[in-house]
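The values are calculated or read from the model by the stated rules, or taken from the named source; none is laboratory data. Just so it is clear, the structure is predicted and the values come from calculations on it, not from any experiment. As a convention, Cβ positions derive from the backbone with ideal geometry for all residues, glycine included, and neighbour counts pool all protein chains shown. Heads up: the accessible areas ignore ligands, DNA and RNA and are worked out on the full protein's heavy atoms, side chains in. Shrake-Rupley method; radii C 1.70, N 1.55, O 1.52, S 1.80 Å.
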Amino acid sequence: MAENTSFRSGVALGWILSAIVILALAADAAVDLFMPSLIGPQMAETGFPANLGTVVGLIILISVVLYAIPRTAVLGAILTTGFFGGAICTHLRLGEIGSPPQLISLLLGIMAWGGLYLRDERIRRLLPLRSVDD
């Protein structure tokens, strides 16, 4: 009985972590798609043309929708990981090591996979975590 409760708690925590990632990415996509003037200066600072904001917003939106759907969540996690990795590398290239965007991208990437791990049995079977005693 306690194991079943623990399992349900883990799945609930997985969905909470995933929801945080989904909301953060959905908000980012919304700004990129519907308020491109807000991100234009940031795009220019990072060396990207401001008009690519819409493309970036669409990539984020597609990735987050795929991540939110259980059947396609693994593909969505892979795509969001690629997006986060690109953000981390962009700021690294600019010499902004340990900058807030890098740390947030790293944290959201960890949360995306941690949430998926907790909520998806397929991932737990693929990557079983074992204690030292096992």
Go through (1) surrounded by 15 or more Cβ atoms within 10 Å (Cβ to Cβ); (2) under 11 Å from the mean Cα position of the chain (by Cα) and name the single condition H91 misses.
(2)
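Mind checking which residues of region 111-134 are of a type in the set (A, V, I, L, M, F, W, C) and either within 30 Å of G47 (Cβ to Cβ) or under 18 Å from the mean Cα position of the chain (by Cα) (or both)? Give the steps one after another, and end with the answer.
Of region 111-134, the ones of a type in the set (A, V, I, L, M, F, W, C) are 111-113, 116, 118, 123, 126-127, 129, 132.
If the condition is that a residue be of a type in the set (A, V, I, L, M, F, W, C) and either within 30 Å of G47 (Cβ to Cβ) or under 18 Å from the mean Cα position of the chain (by Cα) (or both), then M111, A112, W113, L116, L118, I123 are the ones that fit.
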Please identify the pairs in which a residue from region 2-13 that is closer than 10 Å to L118 by Cβ has its Cβ atom under 7 Å from the Cβ atom of a residue that is at pLDDT 80 or above and not in a helix (DSSP H, G or I), counting only partners at least 6 apart or on another chain.
none
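Just a yes or no: is a residue in region 13-28 farther than 23 Å from L107 by Cα, β-branched (V, I, T) and open to solvent by 40 Å² or more (accessible area, probe 1.4 Å)? Explain how you work it out, then say what you get.
First, pick out the residues of region 13-28 that are farther than 23 Å from L107 by Cα: none.
Taking every residue of region 13-28 in turn, none turns out to be farther than 23 Å from L107 by Cα, β-branched (V, I, T) and open to solvent by 40 Å² or more (accessible area, probe 1.4 Å).
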Long-range neighbours under 6 Å by Cβ, at least six apart or interchain, first residue in a loop (DSSP other than H, G, I, E, B) within region 42-69, second not small (G, A, S)
T46/T90
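Output the residues belonging to region 111-134 that are more than 13 Å from A73 (Cα to Cα) and in contact with a Leu (Cβ under 9 Å, 6 or more places away or on another chain). Before you say what the answer is, go through the steps one by one.
Here is the first cut: in region 111-134, the residues more than 13 Å from A73 (Cα to Cα) are 111, 124-134.
Selection gives M111, R124.
Pick from region 115-134 the residues that are assigned to a loop (DSSP other than H, G, I, E, B) and touching a helix residue (DSSP H, G or I) at 6+ places or on another chain (Cβ under 9 Å): which of them is modelled with the highest pLDDT? Even if it seems obvious, please write down each step before you answer.
Taking region 115-134 and keeping what is assigned to a loop (DSSP other than H, G, I, E, B), we get 120, 127-134.
Next, only the ones that are touching a helix residue (DSSP H, G or I) at 6+ places or on another chain (Cβ under 9 Å) stay: 120, 127, 129.
On the way: D120: 92, L127: 87, L129: 80.
Per the stated criteria, the residue is D120.
Out of curiosity, is G98 closer than 21 Å to I39 by Cβ and either open to solvent by less than 50 Å² (accessible area, probe 1.4 Å) or assigned to a loop (DSSP other than H, G, I, E, B) (or both)? Before the answer, list the steps.
On the way: closer than 21 Å to I39 by Cβ: no; either open to solvent by less than 50 Å² (accessible area, probe 1.4 Å) or assigned to a loop (DSSP other than H, G, I, E, B) (or both): yes.
It is false that G98 is closer than 21 Å to I39 by Cβ and either open to solvent by less than 50 Å² (accessible area, probe 1.4 Å) or assigned to a loop (DSSP other than H, G, I, E, B) (or both).
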Residues satisfying the stated conditions in region 101-110, i.e. within 12 Å of the chain's Cα centre (by Cα) and open to solvent by less than 70 Å² (accessible area, probe 1.4 Å)
S105, L108, G109
Got at least one residue in region 76-88 being open to solvent by 30 Å² or more (accessible area, probe 1.4 Å), within 20 Å of the chain's Cα centre (by Cα), more than 17 Å from V21 (Cβ to Cβ) and of a type in the set (G, A, S)?
no
Only one of these is over 18 Å from W113 (Cβ atoms) and either within 14 Å of the chain's Cα centre (by Cα) or of a type in the set (D, E, K, R) (or both): I16, I62, I97. Name it.
I62
